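Structure first, commentary second.
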Amino acid sequence: NAGVTQTPKFQVLKTGQSMTLQCAQDMNHNSMYWYRQDPGMGLRLIYYSASEGTTDKGEVPNGYNVSRLNKREFSLRLESAAPSQTSVYFCASSEWGHYGYTFGSGTRLTVV
Amino acid sequence: DQQVKQNSPSLSVQEGRISILNCDYTNSMFDYFLWYKKYPAEGPTFLISISSIKDKNEDGRFTVFLNKSAKHLSLHIVPSQPGDSAVYFCAASALGNTPLVFGKGTRLSVIA
């Protein structure tokens, strides 16, 4: 099925470890996004990529880096994980200027 | 400062009755508004949207109303069904196609 695929679905990290969350879309969308969802906080934008070759910070970028590897893939890296980064991470894609974002099913990350 | 506010964390409605979910915003530059629906362990899915040039948009059982002077929008679901039980996020975008800003969500429970 066409859509947004996120890997892994679950991950437990120790404080200070690093990891990369992977996201790929097969809808030929130009724009991709990373959001995090925390209880009582809704969805907050971490980084986004309006088009291949560009990335921009969102509301909560500290502690994260991103790479737009190609049009299909947009990865999120945690260089030194902290307990405050325990969250559910959602990747989304869209055509730029279109708001019907397609979201992946999320990565549940726990940092202990 | 929260730009999109959903002040009711939860709402419980009987099957067949109307569900009304509310959303307020503070940024007068927002010109496009959306509602997303989220089931547990899934990503949000687009439900309905409205442009700032309209005051109402209808799609089947779902209607979104926009009151620009009050900076308020609402989602009406009529009739409510048990399958509508989910978390509903209000989202908005400002002029220039900026990424979506989401509210904290309202958990709707439709009781049979």
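The values are calculated or read from the model by the stated rules, or taken from the named source; none is laboratory data. Treat the numbers as computed from the prediction; the structure is a model and nothing was measured. Cβ atoms come from the backbone with ideal geometry, glycine included; neighbour counts cover every protein chain shown.
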Before we move on, is A:Tyr35 in contact with a Leu (Cβ under 7 Å, 6 or more places away or on another chain), within 29 Å of B:Thr106 (Cβ to Cβ) and more than 14 Å from chain B (Cβ to nearest Cβ)? no
Right, A:Asn28: surrounded by fewer than 14 Cβ atoms within 10 Å (Cβ to Cβ) and modelled with pLDDT under 95 or not? yes
I'm trying to understand the selection: among the residues of the stretch B:32-45, which are surrounded by fewer than 17 Cβ atoms within 10 Å (Cβ to Cβ) and part of a strand (DSSP E or B)? B:Thr45
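If we scan the stretch B:90-99, do we find a residue that is free of Cβ contacts under 8 Å to residues at least 12 places away in the same chain, within 14 Å of chain A (Cβ to nearest Cβ), in a strand (DSSP E or B) and not aromatic (Phe, Trp, Tyr)?
Looking for residues that are free of Cβ contacts under 8 Å to residues at least 12 places away in the same chain, within 14 Å of chain A (Cβ to nearest Cβ), in a strand (DSSP E or B) and not aromatic (Phe, Trp, Tyr), one finds none in the stretch B:90-99, hence no.
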So, of the residues in the stretch A:66-112 that are surrounded by fewer than 19 Cβ atoms within 10 Å (Cβ to Cβ) and of a type in the set (Gly, Ala, Ser), which turns out to be farthest from A:Arg36 (Cα to Cα)? A:Gly97
Residue satisfying condition, being touching a helix residue (DSSP H, G or I) at 6+ places or on another chain (Cβ under 9 Å) and either exposed (fewer than 14 other Cβ atoms within 10 Å of the Cβ) or away from chain B (no Cβ under 13 Å) (or both), within set A:Gly63, A:Gly53: A:Gly63
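Just to be sure, is B:Leu100 at pLDDT below 95 and under 30 Å from A:Lys9 (Cα atoms)?
yes
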Taking the conditions exactly as written (polar (S, T, N, Q), farther than 28 Å from A:Val88 by Cβ, surrounded by 13 or more Cβ atoms within 10 Å (Cβ to Cβ) and within 14 Å of chain A (Cβ to nearest Cβ)), does B:Asn57 satisfy them or not? yes
Go through (1) crowded, with 19+ Cβ neighbours inside 10 Å; (2) closer than 23 Å to A:Thr86 by Cβ and name the single condition A:Pro39 misses. (1)
Going through the stretch B:62-89 in order, the residues found to be touching a residue at least 60 places away in the same chain (Cβ under 8 Å), hydrophobic (A, V, I, L, M, F, W, C) and within 14 Å of chain A (Cβ to nearest Cβ) are B:Phe89
